[in-house]
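Okay, structure first, notes after.
Values in this text are rule-based calculations from the coordinates and carry no lab data. Quick caveat: nothing in here was measured; it's all calculated off a predicted structure. Here the Cβ positions follow ideal geometry from the backbone for every residue, glycine too, while neighbour counts run over all protein chains shown.
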Amino acid sequence: MISILKDYLLNIFIIFSPLVVFPYIYRFQYTRYYRVILCFLFSISIIVTMSFSVSINGLSHDFRAIPLTVGSLYGGPQVSIALYGTLILYRLLQGNVHSLYYVLSMVPTFLLFVFLFRLYARLSLTQKIVCAILVSALVKFFTFSTYLMMLNQTYRLTDNPLMVLNSYVLQSVIIGMYVYLVEFLQNYFRMQEEMIRSERMKLVSEMAASVAHEIRNPLTTVRGFIQLLGAGGTSAERKRYYEKICLEELDRAQHIITDYLSLAKTEAESIEMININQETDYLANILLTYANYNNVKIEVRTAEEPLFIVGDKHKLRQALINIGKNAIEAMSSDGVLSIDLQKRGQTVVLKISDNGVGMTPEQLNRLGSPYFSTKDKGTGLGTMVSFSIIKKMDGKIDIRSQVGKGTIFEISFPEGNQGV
C-alpha cells in the first residue's frame, strides 16, 4: 500500500510540474511555439507517469489520462495527435504485447477530443472542470474496456473494484484541481495584460492632454499680441516688439512639441547659463496680456545684481508660465500677481504669489498629481510637468496657501557660476 501511494505521489508531482513554468508558457500563447512547448511538457508527463505505474489486477494504472486530457483540450488536435503518438511509441518501447489492440482502443477517445476542442473553450469554469473529469475517466475506461474486450479478458475490470474506484476518484480530484489552476493562472495573466494595456492607454491620454495644455499657453499669448498688432494707434516700435514676442512664443511651442516627441529618447537636455533676471522680465511680459484680459495687475521686483542659474531656458519658461498662468486664473478681478526675485546665500529664489482663492491642505498635498486640478476644466498635467522641469534643474518648490487669501510659490535654484 505504501509503495502504491509513493508511486501515485510521484505521478501527481510530475503532472503538476508544468504549472511551475506556466508564466513562461503563457508568453508564447499567440506564437507557433506554444503548441510545441505544450507537446514537450505533457509528453514528458505522460512518459514519467507510465514509467511509475501501479499494477492492479495485472493492469497498469497511472495518471497518464490527465496530461493527455489537459494537453488535448487546451492544445487542440495537433497537440492531441502528438501526445497520442508519444503514448503509443513509449508503450512500444516498453515492450508491451498486443500494441495494435491498444492503438485501436484509443481511437474513440481521440475522436472525442477532436469533437470537444472548440466546444471546451466556450464552457464556464465549472463546466470545464466537470468536462475534464468525465473525459479523463472515459479515456481510462474506454481504453481498458476496449483493450480487454479484444483480449476476451473483460472479467479483469470487476476484480478488486474498490482499488480501481479509488484510482478513478483520485484521478478526478487531481484533474479537477489541475484545470482550476490552469484557468486561474490564465485569468490572472489576462487581467495583468489588460492592466498593462489600460496603463498604456492612460499614459497616451495623459500625454495628449498634457501636450494640448502646454501648446495652448503660447498660442493664447500669440493670439493676444496679434490682436494688439491689429489695433489702431500702435507705434512701429511696439509692433516690432509684439512681433518678437509672437515669434519667441511660437518657438517655445515648437520646443514643447520637440520635448514631448523626444521623451522616449535619452538625449541630453540643452544646458546653459540662464540670466534669471531677464527670464523674470520675460515672464512678466508674457503674462501681461493674459493678466489684462483677467483684470489682474502684475508687480515685478528683480534683484539689483545679475543672477544666474544652470538649466534649460526654454523648459524653465514653460514651467514658470504655467505657474503664473494658474495664479492669474485663481484670482478674480482686481487681483495682484507678484513676481519677486532675490538671492539668499548661494540660492536664487523666485517667488510667485497671488491673492486668489487659495487651496486647502488636501488640495495642496495633491497638487502636481496627474488629473488633479483646482480648476473646473483643468487636467493638472501642466502643473505636473512644471514641477518635473523644476526638479530636473535641481530646483525646489515650497508652496504655502490659505483659502481666501492666496497662494505663494517659492521656487529656489542653486546659483550658477557665470564662468561655466
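Summary table
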{"quantity": "Full-extension gain in nm, residue 30 to residue 208, via 0.36 nm per residue minus C-alpha separation", "calculated": "61.0 nm"}
{"quantity": "Distance in nm between pseudo-label sites at residue 125 and residue 391 (7 Å out along the Cβ direction from Cα)", "calculated": "3.9 nm"}
{"quantity": "Peptide ranges 292-299, 25-32, 337-344 listed from the most packed, as the mean C-beta count within 10 angstrom indicates", "calculated": "337-344, 292-299, 25-32"}
{"quantity": "Fully extended contour minus Cα-Cα distance, from residue 141 to residue 281, at 0.36 nm per residue", "calculated": "41.4 nm"}
{"quantity": "Cα shape, segment 101-140, gyration tensor, a/c 1.5 rule", "calculated": "oblate"}
{"quantity": "Net charge of Cβ neighbours under 11 Å - reference residue 408; Lys, Arg +1; Asp, Glu -1", "calculated": "-1"}
{"quantity": "Charge sum, other residues only, whose C-beta stays under 11 Å from residue 76's C-beta, Lys/Arg counted +1 and Asp/Glu -1", "calculated": "+2"}
{"quantity": "Peptide ranges 320-329, 241-250 listed from the most packed, as the mean C-beta count within 10 angstrom indicates", "calculated": "320-329, 241-250"}
{"quantity": "Local electrostatic count at residue 217 - Lys and Arg +1, Asp and Glu -1, tallied over other residues with Cβ under 12 Å", "calculated": "+2"}
{"quantity": "Residues listed by number, segment 391-417, amide nitrogen under 14 Å from residue 305 label point at 7 Å toward C-beta", "calculated": "415-417"}
{"quantity": "Protection proxy ranking of 308-314, 224-230, 84-90 - average other beta-carbon atoms within 10 Å, highest first", "calculated": "308-314, 84-90, 224-230"}
